[in-house]
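Since the structure comes first, as structure tokens, the remarks are kept for the end.
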Amino acid sequence: MLPRVGGPGATSRERPWAASRGRLLLAEAHLTSRQLAPVLGYLGSRQKHSLPDLPYDYGALEPHINAQIMQLHHSKHHAAYVNNLNVTEEKYQEALAKGDVTAQIALQPALKFNGGGHINHSIFWTNLSPNGGGEPKGELLEAIKRDFGSFDKFKEKLTAASVGVQGSGWGWLGFNKERGHLQ
């Protein structure tokens with residue numbers, strides 16, 4: 001039986017997978033093969049992940065991020081996550097079909113790493129804007145001040161948390177519905 005999925009107060013252990021645009025990606029590697037098989041059994045019939053188009057030109061964020069960096073990050077780094085995720089999911093499907101638990105377990109870190117890289121980059125691209133930047137305004141700024149003390153303190157905390165993450169150091173601001181605050 002699969003652990004409880006989603007719902008108010010669900011933790012990452014209770015929500016071992018996350019859906020992104022109808023695609024299933026592992027978020028934790030603490031499940032048994034028996035638990036994963038019903039969840040991932042459909043992989044053979046789904047479409048492959050694809051590199052999303054950017055909603056702006058590579059040079060649109062200059063002078064903050066130059067076009068070469070954007071092109072490299074999108075067409076090479078993000079594309080590598082997508083390609084590696086597709087290859088790993090194919091291998092995982094083969095391991096499921098064979099009942100090869102050892103291979104399934106061995107592939108879980110690659111699913112998590114490449115799936116996370118793909119999701120993080122997809123969110124990243126849509127959160128950048130040629131007209132964006134600076135301190136937020138209105139309700140978001142008030143919530144940041146309430147929950148972190150100031151925008152500068154928020155940036156310090158987010159930076160500290162992000163630096164400790166493997167890879168690119170991703171950090172996201174989210175709203176905890178259960179506690180009613182940003183974190």
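What follows draws every value from the coordinates through simple rules; no lab data is involved. Here the structure is a predicted model, which means the values were calculated and not measured. Quick reminder, even Gly has a Cβ in these numbers, built from the backbone with ideal geometry, and neighbours come from all protein chains shown.
Distance between the modelled labels on D152 and L173, one decimal in nanometres: 1.7 nm (7 Å Cα→Cβ projection).
Averaging 1/r across all pairs of distinct Cα atoms in the range 65-129 and inverting the result yields a Kirkwood radius of 12.9 Å.
For the range 133-181, run through the chymotrypsin sites (Phe, Trp or Tyr not before Pro) and keep only the ones in DSSP coil with at most 13 other Cβ atoms within 10 Å of their Cβ.
Those satisfying the criteria are W172.
Once you have the Cα-Cα distance between H64 and N131, take 0.36 nm times their residue separation minus that, and quote the gain in nm to one decimal. Don't jump to the answer; show the numbers that get you there.
Values: separation 67, 0.36 × 67 = 24.12 nm, distance 1.14 nm.
Full extension from H64 to N131 adds 23.0 nm.
A full extension of the chain between I123 and N86 corresponds to an added length of 11.5 nm, given 0.36 nm per residue minus the alpha carbon distance.
Show me the trypsin sites (Lys or Arg not before Pro) within the range 114-181 that DSSP assigns to loop and that have at most 11 other Cβ atoms within 10 Å of their Cβ. Each step should come with its number before you reach the end.
On the way: sites: K137, K145, R146, K153, K155, K157, K177, R179; in loops: K137, K177, R179.
Listed in order of number, the matching sites are K137, K177, R179.
Beyond a 21 Å Cα-Cα separation, which of these cross-linked pairs lie in this structure: K76/K155; K112/K153; K48/K177; K76/K98; K145/K177? In this structure, K76/K155; K112/K153; K48/K177; K76/K98 exceed 21 Å between Cα atoms.
Amide H contacts under 5 Å for L182: N176, restricted to partners 5 or more places along the chain or on a different chain, H placed in the peptide plane at 1.01 Å from N.
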